[in-house]
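Inspection log for the structure reproduced underneath, given as structure tokens.
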Amino acid sequence: MNLLISNTLRISLLWIVVAGCTKLAAQDKELKTALSYEPVQSGVEYDRPTAEQMKTCKLVKATKIGKSGFVVIDRNGQVLRMFINNGGDASVDQWSYYKDGVEVYRDIDTDFDGKVDQFRWFSTAGTRWGIDTNGDSVIDQWRSISAEEVTAEIVRSVKNRDLKAYRALVLNEKEIDQLGVSDAVAAKLKKRSQAALKDFSRMAATQRLISSKSKWVHFGGVQPALVPKGSNGSKKDVVVYENVAAMIENDGEHGQLSIGTLVKVGRVWKSIDLPKAMDDKSAVLAASVFIGPDDRFMDSGSNVTSNSTPRNSEQQKLFEQLETLEKKFDAAVRDRDKRTISKLNNSRADLLIQIASSYDEAEQKSTWIRQFADTVAGAYQSGDFPDGLSRVREYYIQLKREKAGKQDLGYLLYRMISARYSKKFEDAKQSDVADIQKKYVAELEEFVDVYPNIDQSADAMMQLAIWNEFASTTDTKDAEKWYSKIVRTFPDGVASKKARGALARLRSEGRAIRFSGPYLGGQNTYSLDSDRGNVVVIHYWQYNKDADYEGLEQIYRKYRRKGFNLINVNLDADATSARKAIRDSKLPGVHLFQKGGMESAVATQLGIAVPTIILIDKKGKVANRNIRIRDLEKSVDKLLK
């Protein structure tokens, strides 16, 4: 019943408590009524006892916590619901819902008029805090919402074709004024935000990516950027996310909704761009409003400009052609016209090559060469451009003849190798997988020989190291060779940190290791030293529906009171995804999370690839650096004796 709670029912429930009924817990009718309440906002995950479980639940007064109202608890005393009166009258004005004993959502009537006007999410449910200004149960304003949560709410708005809900997520004029940006930037923000609101209803009605069954899976974005005070006339620091996407699941198939730019205003993130249903690589990234060269000291004739700004009439025509092409792409994607999409991909490849050739500066040319590589290889990989790999190969040969730089040549070749492997692996029969992987490993080794010092080689070496590590659980010589080569070749790179950690992990059995990481929520830090004397499993993971989480849960339940602890280190990209993974997997134990996922310090300190399970004995020494769940119970039992 996702509706406002009736005032009559609300008063009758509170009078049960006010009257001081000593047999409140035994009154099935009142208990059933209390448990029938649902959050005003949809999509909240909270504990809902079955009819059988309800028989052992109780209604108790909230006086124990110094409140006026009542609490629903289960047979173990764990809180399920809490209904509080803050206004001093005869009405409940705060309805709290719990998951595993933790409050995850709250409806609030702040002005005591009998209508819920605020909605708050807590703990594993996130940080959202919404305001309803007119009593229609739709959030009109956000007081707090993360960037990750904005993308989920935008997906919900598109799914429901709800312009009003979407409007609350788009940057408004008052918020633009609060940012303190220059008049020129403010004008651009207003134009884009207004265009997004104007076109939303049409987009929501015609797009085919999101259906009634679609689910938001996770946030797609690299890291936020801080635009410092003074940049192009800005009066304040501004924090933004560029080229954000929402990852969608439709009956097991994944897609992507382009969100565009998000900007932070106080505790709220807001969108400025119309969401766009798109293939993973089907569009050139939108030009940034916030990030670009500082042009305050440039002469009007200066040729230093941003990547997407034409320098002359020839480039202007190329950009106009590209823009026209993108509109045709939108129509073809909506109509699912694969033949037209393939032709347009070919035309776009031509245009991207022409744009790259139109620049004399190496940096600008390199940007468009890489745009070509990502776009064309991505379209091939997705199946929308069967000739895409041939186009990348042809361009690679052309640039090699033109004696292009090794960084650009290596980038093209690496994207070609990666796209070919991904496509073959995706389409392969199980009997062909091993052969495909061996060929891929051989190509990576050859790539590293040809381009040993470019950025992509660090990634190639890391893949070779991981492949060799997992190809043999006993002989780590080849894996150590590649990890060591990363450290020598890229001593100051991100990959080097991970490689050093991996070397430490591979050599860790029989030794004590240092391990620590922040709890999910970031308030405190767990240290392995605190579990000295216990047998500990450190479980590094990202959610996988086929994983044996039930096996881990059974081991935890069996041994947790015998000196055993389970430390789950989630390596998903963001906290919202981590919380969802925990809910879906039902994993017990301690949960750690650090922003950055596979690149976070908690992952790189031991050079982790997922999934990895490390078994620690009572002395804090590594008993097994990569144990499998099927072997875990026997090993834990042995160490506890």
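Observations on the model:
- [x] 1.07; [y] 0.96; [z] 1.00, with the label sought being that of the calculated Rg/Rh (Cα atoms, Kirkwood Rh): [z]
- Net charge over other residues, Cβ less than 15 angstrom from the Cβ of GLN78 (K, R count +1; D, E count -1): +2
- Computed over segment 478-527, relative contact order equals 24 percent, with contacts defined as Cα pairs under 8 Å that lie 6+ residues apart.
- Ranked from largest to smallest solvent-accessible area, with a 1.4 Å probe on the protein heavy atoms, TRP541, TRP269 come out as TRP269, TRP541.
- Farthest positive-ward along the chain dipole, Cα basis, beta-carbon charges - from SER96, GLY126, TYR414: SER96
- A simple rule links phi to the HN-Hα coupling: the Karplus curve 6.51 cos²θ - 1.76 cosθ + 1.60 with θ = phi - 60°, which for segment 624-641 gives 8, 7, 7, 8, 9, 4, 5, 9, 6, 4, 4, 5, 4, 4, 5, 5, 7, 7 Hz, with x for Gly and Pro.
- Working note: Karplus 6.51/-1.76/1.60 with θ = phi - 60° gives segment 481-490 the couplings 4, 6, 4, 5, 5, 4, 4, 6, 7, 10 Hz, where Gly and Pro are set to x.
- Between SER201 and LYS595, the contour length at 0.36 nm per residue exceeds the alpha carbon distance by 138.4 nm.
- Computed E for GLU253/ASP548 - FRET, C-beta separation, R0 35 angstrom, nearest 0.05: 0.90
- Computed label-point distance, nm, for sites LEU226 and LYS406 using a 7 Å Cα→Cβ extension: 3.5 nm
- Sequence-separation-based contact order of the chain, relative, with Cα cut under 8 Å and 6+ spacing, percent: 7 percent
- The shape of segment 535-611 can be summarised by an equivalent ellipsoid whose semi-axes, obtained from the alpha carbon gyration tensor, come to 21, 14, 10 Å from longest to shortest.
- Per residue accessible area of segment 519-594, 1.4 Å probe, in Å²: 47 Å²
- Phi to ³J(HN,Hα) by Karplus 6.51 cos²θ - 1.76 cosθ + 1.60 over segment 103-117, Hz, x for Gly, Pro: 5, 10, 7, 8, 9, 9, 9, 7, 9, 6, 9, x, 10, 5, 10
- Percent of C-alpha pairs per 5 Å bin, segment 418-460, short to long: 5, 23, 26, 20, 14, 8, 3, 0
- Helix-derived mean residue ellipticity, 222 nm - over the chain, DSSP H n ≥ 4, -39500 (n - 2.57), to 500: -13500 deg cm²/dmol
- All C-alpha to C-alpha distances of segment 351-419, sorted into 10 Å bins beginning at zero, yield P(r) values of 23, 58, 18, 1 percent in whole numbers.
- Charged-residue dipole, Cβ positions (Lys, Arg, Asp, Glu), the chain about Cα centre, Debye nearest 20: 1700 debye
- Entry comment: accessible area of segment 363-420 is 42 Å² per residue, from protein heavy atoms only and a probe of 1.4 Å.
- Total formal charge among the other residues, if their Cβ is under 12 angstrom from that of GLY607, Lys/Arg +1 and Asp/Glu -1: +3
- Scattering profile of segment 40-175 at q = 0.14, 0.18, 0.22 Å⁻¹ [log10 I(q)/I(0), Debye over alpha-carbon scatterers]: -0.73, -1.06, -1.33
- Once both labels are positioned 7 Å from their Cα atoms along Cα-to-Cβ, the gap between ASP455 and ASP529 label points is 3.8 nm.
- Residue pairs exceeding 21 angstrom between C-alpha atoms, taken from LYS190/LYS235; LYS365/LYS403; LYS562/LYS638; LYS338/LYS365: LYS338/LYS365.
- Solvent exposure, largest accessible area first (probe 1.4 Å, DNA, RNA and ligands not counted), of THR375, THR50: THR50, THR375
- Neighbourhood net charge (11 Å Cβ-Cβ; Lys/Arg +1, Asp/Glu -1) for VAL622: +4
- Extension gain, ARG628 to ARG583, is 13.9 nm, computed as 0.36 nm per intervening residue step minus the present C-alpha separation.
- About the Cα centre, charge dipole magnitude for segment 519-569 (Lys/Arg +1, Asp/Glu -1 at Cβ), debye: 280 debye
- Look at the dipole of segment 519-607 built from charges on Cβ: of PHE593, ALA603, GLY563, the Cα furthest out on the positive end belongs to GLY563.
- Size of charge dipole - segment 368-409 - debye, nearest 20, with Cβ of Lys, Arg +1 and Asp, Glu -1, no other charges: 280 debye
- Rounded to the nearest 0.05, the FRET efficiency derived from the C-beta distance between GLU173 and SER313 at R0 = 25 Å is 0.10.
- Distance between modelled label sites at ASP335 and ASP237, nm, 7 Å Cα→Cβ extension: 5.0 nm
- Computed FRET value (nearest 0.05) for ALA512 with ASP113, which takes r as the C-beta separation and R₀ as 35 Å: 0.05
- Ranked from largest to smallest solvent-accessible area, with a 1.4 Å probe on the protein heavy atoms, SER585, SER431 come out as SER431, SER585.
- Solvent-accessible surface (1.4 angstrom probe) belonging to SER68, in square angstrom, nearest 10: 50 Å²
The values are calculated or read from the model by the stated rules, or taken from the named source; none is laboratory data. All values derive from a computational prediction rather than experimental measurement. For neighbour counting, all protein chains shown are included, and Cβ atoms are generated from backbone atoms with ideal geometry for every residue, glycine included. To get the accessible areas, we keep the full protein, side chains included, count just its heavy atoms, and leave off ligands, DNA and RNA. Shrake-Rupley method; radii C 1.70, N 1.55, O 1.52, S 1.80 Å.
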